1. Assuming residue 208 fulfils every condition listed in (1) at pLDDT 95 or above; (2) away from the ligand (no atom under 11 Å from the Cβ); (3) more than 30 Å from residue 28 (Cβ to Cβ); (4) crowded, with 18+ Cβ neighbours inside 10 Å apart from one, which condition is it?
2. Regarding segment 174-192, can at least one residue be identified that is within 14 Å of residue 9 (Cβ to Cβ), assigned to a loop (DSSP other than H, G, I, E, B) and within 14 Å of the ligand (Cβ to nearest atom)?
3. Pairs please, first residue from segment 1-29 and closer than 24 Å to residue 51 by Cα and in contact (Cβ under 8 Å) with a residue 24 or more places away in the chain, second anywhere and in a helix (DSSP H, G or I) and near the ligand (Cβ under 8 Å from one of its atoms), Cβ atoms under 6 Å, 6+ apart in sequence or on different chains.
4. Return the pairs, sorted by first residue and then second, in which the second residue is in a strand (DSSP E or B), the first residue lies in segment 177-194 and is surrounded by fewer than 20 Cβ atoms within 10 Å (Cβ to Cβ), the beta carbons are less than 6 Å apart, and the residues are 6+ apart or on different chains.
5. State all residues of segment 123-143 that are within 11 Å of the ligand (Cβ to nearest atom), in contact (Cβ under 8 Å) with a residue 60 or more places away in the chain and surrounded by fewer than 18 Cβ atoms within 10 Å (Cβ to Cβ); if no residue qualifies, say none.
6. Answer yes or no as to whether residue 309 is closer than 26 Å to residue 228 by Cβ, more than 9 Å from the ligand (Cβ to nearest atom) and buried (at least 24 other Cβ atoms within 10 Å of the Cβ).
7. Can we say residue 150 is near the ligand (Cβ under 8 Å from one of its atoms) and out of contact with any strand residue (DSSP E or B) (no Cβ under 6 Å at 6 or more places or on another chain)?
8. Can you name every residue in segment 316-328 that is surrounded by 24 or more Cβ atoms within 10 Å (Cβ to Cβ) and without any contact (Cβ under 8 Å) to a residue 60 or more places away in the chain?
Ligand SMILES: Cc1cc2nc3c(=O)[nH]c(=O)nc-3n(C[C@H](O)[C@H](O)[C@H](O)COP(=O)(O)OP(=O)(O)OC[C@H]3O[C@@H](n4cnc5c(N)ncnc54)[C@H](O)[C@@H]3O)c2cc1C
């Protein structure tokens, strides 16, 4: 039996970020992750790119990780939103917020590499990897986890377990927390392309007849493409040769970036919404995709998870200072209540956007155009949305303000 103060199940981007936030606080911490980092962070031209909100950059700065991530980050100066075949269009600009960037685009493998190196360098953390949590037993004073470590069984005990184990969270299920789940019937096709013209650090969000499409600025004048299509069309698009794929992409995106010239390997991600009905129980906190799995249309999933990390770490560190039990419901409710509004706002916004722009109702095209124009001309609406997508709309945790815990 191995005893800990905190066990974080899941070493994805969110779980590993929490490990970094809690390390060095005189806590016995374990991280349990089923897949080894080498397998999770394989290098390649086509790796998924993640749009980080400015607030997430601040959180990484607070965790002393931004220095490692920054060389791989491309700043977003402007966002350009348009609806193919309709007149509406909206823009957001970093100057409206007085910041160096609205956000940054970083290959997931570079975020993963920085997090893996930080976790490995932290002596105070036991990393159980590869190891899978197979079951959980609750007791009054703690939680017991059964692990399968490649055929060997281990038992860990803790005062607090954090579920960072993704959309199909076993912890969520074992604690009997219900969730809402909806298959969007859509698949995100992800790749990189090289356009003829400079991207000028503009992120393009374009709504097309086949679904929303994002082109995000990357290094070497490449753009990361996230193109959402109906799942029953995804197979045919994945099977196209590069020239035919680029032609289809060009037809939907248009010529704002000139000719789309070169494309890398494609990956397909089936999309669904998952929302847990509760985010805490006595001795359990849910973070990241375990509590909210979003449509990637607005690039918000990891950003929301990073804010979970910043808030949970702040609540736990404050509780420890006050001599409280970090796994008690009273402490964890502070995290749950603080995060509730942000979770709801971002979930409703991304789900609404994903559905509004994919419903096959012709009259909606006009309504969308009018909505976009109104948004472009209405400073308060625009400011609220910019602040939400930057992770600055709600009460900001210390880490996101660059203040140490
Ligand atoms: C196409 C696409 C594009 C996206 N683009 C963006 C973007 O631009 N910006 C953005 O903010 N977000 C984006 N997202 C969302 C983002 O990728 C996710 O929100 C984020 O990766 C979630 O991280 P996580 O650590 O919570 O979950 P996961 O990455 O799912 O990690 C969960 C981890 O838990 C481990 N695990 C699971 N069960 C167990 C178990 N029983 N025992 C041990 N380990 C276990 C898994 O191996 C895994 O490593 C995108 C998503 C998609 C699909």
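1. Only one criterion is unmet by residue 208, namely (1).
2. Checked against the condition, which is being within 14 Å of residue 9 (Cβ to Cβ), assigned to a loop (DSSP other than H, G, I, E, B) and within 14 Å of the ligand (Cβ to nearest atom), segment 174-192 yields at least one hit.
3. Note: pairs meeting the criteria are 13/302; 14/288; 14/305.
4. 180/275; 181/274; 182/273; 183/272; 194/261; 194/262
5. If the condition is that a residue be within 11 Å of the ligand (Cβ to nearest atom), in contact (Cβ under 8 Å) with a residue 60 or more places away in the chain and surrounded by fewer than 18 Cβ atoms within 10 Å (Cβ to Cβ), then 130 is the only one that fits.
6. Criteria not met by residue 309.
7. Judged against the criteria, residue 150 is not a match.
8. none
The values are calculated or read from the model by the stated rules, or taken from the named source; none is laboratory data. Keep in mind it's a predicted model, so treat the numbers as computed, not measured. Note that we place each Cβ from the backbone using ideal geometry, even for glycine, and neighbour counts take in every protein chain shown.
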